[in-house]
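Colleague: This is the structure I want to talk about, given as structure tokens.
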Amino acid sequence: MTTCATHTAPEPVFAEPWHAHVFAMTVALNEAGRFDWPDWAARFSQTLKHNGLNRDLDGGDDYFVAWLETLEQFLAEQGAALPGDVESIRQAWEDAYLTTPHGHPVHLAETG
């Protein structure tokens with residue numbers, strides 16, 4: 001009797017939680033029809049190429065920084081995430097994590 005093993009692709013492994021978040025967000029936006037994957041891949045390739053002009057990329061944070069940069073550019077072009085808005089949110093998160101005691105969850109302050 002022979003058995004057939006089903007082969008499944010391994011789940012991606014991310015070094016940092018934010019790597020997984022930006023990856024998942026990009027996939028969700030693609031699946032929602034915000035952009036085509038071939039266009040995404042071409043733009044991301046250009047960002048990697050640009051970011052690697054002056055130094056070798058290590059494939060870790062620099063890879064996902066380039067990923068995030070590409071996503072932010074894409075969304076800015078669509079008017080969905082303007083650079084000033086992105087910077088304001090980034091600053092709010094930085095303020096939040098710098099003022100949160102170690103080991104506690106980080107929360108953005110209420111805006112009103």
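Colleague: Please tell me if Ala80 is in contact with a helix residue (DSSP H, G or I) (Cβ under 6 Å, 6 or more places away or on another chain) and under 22 Å from Gly33 (Cα atoms).
Modeller: Spelling it out, it is not the case that Ala80 is in contact with a helix residue (DSSP H, G or I) (Cβ under 6 Å, 6 or more places away or on another chain) and under 22 Å from Gly33 (Cα atoms).
Colleague: Here's a follow-up. Please go through region 46-77 and give me each residue that is among the charged types (D, E, K, R) and either crowded, with 16+ Cβ neighbours inside 10 Å or outside any helix (DSSP H, G or I) (or both), ordered by number.
Modeller: Arg55, Asp56, Asp58, Glu69, Glu72
Colleague: Could you check region 75-103 and list, in sequence order, the residues that are more than 23 Å from Ala15 (Cβ to Cβ) and not aliphatic (A, V, I, L, M)?
Modeller: Of everything in region 75-103, those that are more than 23 Å from Ala15 (Cβ to Cβ) and not aliphatic (A, V, I, L, M) turn out to be Glu77, Gln78, Gly79, Pro83, Gly84, Asp85, Glu87, Ser88, Gln91, Asp95, Thr99, Pro101.
Colleague: Specify the residue that is surrounded by the most Cβ atoms within 10 Å (Cβ to Cβ); the eligible residues are those in region 83-93 that are in contact (Cβ under 8 Å) with a residue 12 or more places away in the chain and more than 14 Å from Trp18 (Cβ to Cβ).
Modeller: The qualifying residue surrounded by the most Cβ atoms within 10 Å (Cβ to Cβ) is Val86.
Colleague: Here are Ala109, Ala80, Ala96: which of them is assigned to a helix (DSSP H, G or I), exposed (fewer than 15 other Cβ atoms within 10 Å of the Cβ), touching a residue at least 12 places away in the same chain (Cβ under 8 Å) and not β-branched (Val, Ile, Thr)?
Modeller: Just a single option satisfies the conditions, and that option is Ala96.
Colleague: On the basis of being modelled with pLDDT of 90 or more and farther than 29 Å from Leu108 by Cα, does Ala41 make the cut?
Modeller: yes
Colleague: Of the conditions (1) over 15 Å from the mean Cα position of the chain (by Cα); (2) at pLDDT 90 or above, Ala80 clears all except one; give me its number.
Modeller: The single condition Ala80 does not satisfy is (2).
Colleague: OK, next. Please enumerate the residues belonging to region 21-45 that are in contact (Cβ under 8 Å) with a residue 24 or more places away in the chain and either surrounded by fewer than 17 Cβ atoms within 10 Å (Cβ to Cβ) or assigned to a helix (DSSP H, G or I) (or both).
Modeller: Val22, Phe23, Met25, Thr26, Leu29, Arg34, Trp40, Arg43, Phe44
Colleague: Still on this structure: Of everything in region 54-112, what is under 18 Å from Ala42 (Cα atoms) and polar (S, T, N, Q)? Give them in sequence order.
Modeller: Passing the criteria: Thr70, Gln73, Gln78.
The values are calculated or read from the model by the stated rules, or taken from the named source; none is laboratory data. Because the structure is predicted, anything quoted here is derived from the model rather than measured. Note: ideal-geometry Cβ built from the backbone for every residue, glycine included; neighbour counts use all protein chains shown.
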